[in-house]
1. For segment 24-45, which residues satisfy the criterion of being crowded, with 17+ Cβ neighbours inside 10 Å and at pLDDT 90 or above?
2. Within segment 288-317, how many residues are part of a strand (DSSP E or B) and either in contact with a Leu (Cβ under 7 Å, 6 or more places away or on another chain) or on the phi > 0 side of the Ramachandran plot (or both)?
3. Quickly run through segment 215-242 and pick out the residues that are without any contact (Cβ under 8 Å) to a residue 24 or more places away in the chain and either among the basic types (K, R) or open to solvent by 20 Å² or more (accessible area, probe 1.4 Å) (or both).
4. Residues being among the polar types (S, T, N, Q) and at pLDDT below 95: count how many of those fall in segment 287-317.
5. Out of everything in segment 318-334 that is crowded, with 17+ Cβ neighbours inside 10 Å and part of a loop (DSSP other than H, G, I, E, B), what residue ends up being modelled with the lowest pLDDT?
6. On the given criteria, is S183 open to solvent by 20 Å² or more (accessible area, probe 1.4 Å), under 24 Å from T76 (Cα atoms), touching a residue at least 12 places away in the same chain (Cβ under 8 Å) and among the small types (G, A, S)?
7. When you look at L131, is it in a helix (DSSP H, G or I) and open to solvent by less than 40 Å² (accessible area, probe 1.4 Å), yes or no?
8. So, of the residues in segment 233-264 that are small (G, A, S) and assigned to a strand (DSSP E or B), which turns out to be nearest to A278 (Cα to Cα)?
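The values are calculated or read from the model by the stated rules, or taken from the named source; none is laboratory data. Just so it is clear, the model here is predicted, and its values are computed rather than measured. Cβ placement follows ideal geometry from the backbone for every residue including glycine, while neighbour counts extend to all protein chains displayed. Surface accessibility is based on the protein's heavy atoms, side chains included, excluding ligands, DNA and RNA. Shrake-Rupley method; radii C 1.70, N 1.55, O 1.52, S 1.80 Å.
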Amino acid sequence: MIWTTGKTHWQTQKRPRNPYFAQAYDFMGKWLAGDREFVLHTSGSTGMPKPITVTRRQLEASAAMTGKALALGSGTRALVCLNVGYIAGLMMLVRGLELDWELTVTEPTSNPLNGLDTVDFDFVAMVPMQLQAVLENAATADQVSKLGKVLLGGAPVNLALADRIRGLNVPVFQSYGMTETVSHVALKALNGAEASNSYVFLPGISFGTDERGCLFVSGAVTDGQKVQTNDLVEISGNAFQWIGRMDNVINSGGVKIVLDQTDQRIARVFHDLGIPNAFFCWWEPDEKLGQKLVLVVEDRLREEHVAKLPAEIRSRVSTYENPKHIYFAKAFAKTATDKIDKRGTFQQFLKSSNG
């Protein structure tokens, strides 16, 4: 189902019966009525989900910043296919109202183009899984050229998708942000002449790192408050490269290992061997090493992959980054926004194995 709306014709529309569209309608009503504060919920990808209160000024600042950075002015035709119950989807509604866009709202699905009568947009925000599903479906793959500018967020872009993106004729960006910054504060171009490995801070964002090397940001989108992250970064000018999360650093035999970096190196092995399985690096206690690096793979690999994978990984990573054991989990636990819950997955796996 779809719902077409915007600042002008929202006021002439009745409240939709569909509960999801009604949720979007109710927020838009509060916004147009001038509400000054809104309660949002974090995604739970880096800890327990929690409610936070943000001001109208923060949301207005974020909408203006995105509109300026991506040159999305009045009349922009935007597809809203992210859950409006979380900041990424909610900000699409705010942008539509503040920047006078034409919005096509769909219920969140893995392939948001399925079921659309026509695809002709200037802007869409998706999670990587959605873009991948669009590209893998013969019926929707050729419609990507009609999406305008594409903004990806919420999860890393895997190597196979990154390869596909480089060949697209529409600009694709990856966002960096969080609920506390009311959506993104930096963008990374994934294709075209501006393609880079670095995120570029948007105008108006102040930034720096603490004694750990972790990023902090502030600006109108944070109501002037410094938001301290646990993201290890390397800053150069007005851009930065993301290294990994501080809480994903383990000490194994006296050597610090950034699990996110090890994930990236092992991802290349999976990609080169043609293994589609999801995986992540994690750790378990070890008497000798303190924390032992392990690899958790979703479901069972084909026999030829089981035989090749350990040796191939050893040839690509350092001795310290070579997983000491490979575990196979039937399914990965997910957060409310469909991100892999690594800690939850491993705990569930250990519980089922010991049960």
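1. Scanning segment 24-45 gives A24, Y25, F27, M28, W31, F38.
2. Of the residues in that region, 1 qualify.
3. Passing the criteria: F216, S218, G224, Q225, K226, Q228, E234, G237.
4. 1
5. F332
6. Spelling it out, it is not the case that S183 is open to solvent by 20 Å² or more (accessible area, probe 1.4 Å), under 24 Å from T76 (Cα atoms), touching a residue at least 12 places away in the same chain (Cβ under 8 Å) and among the small types (G, A, S).
7. So L131 passes the test.
8. Only one residue fits best here, namely G244.
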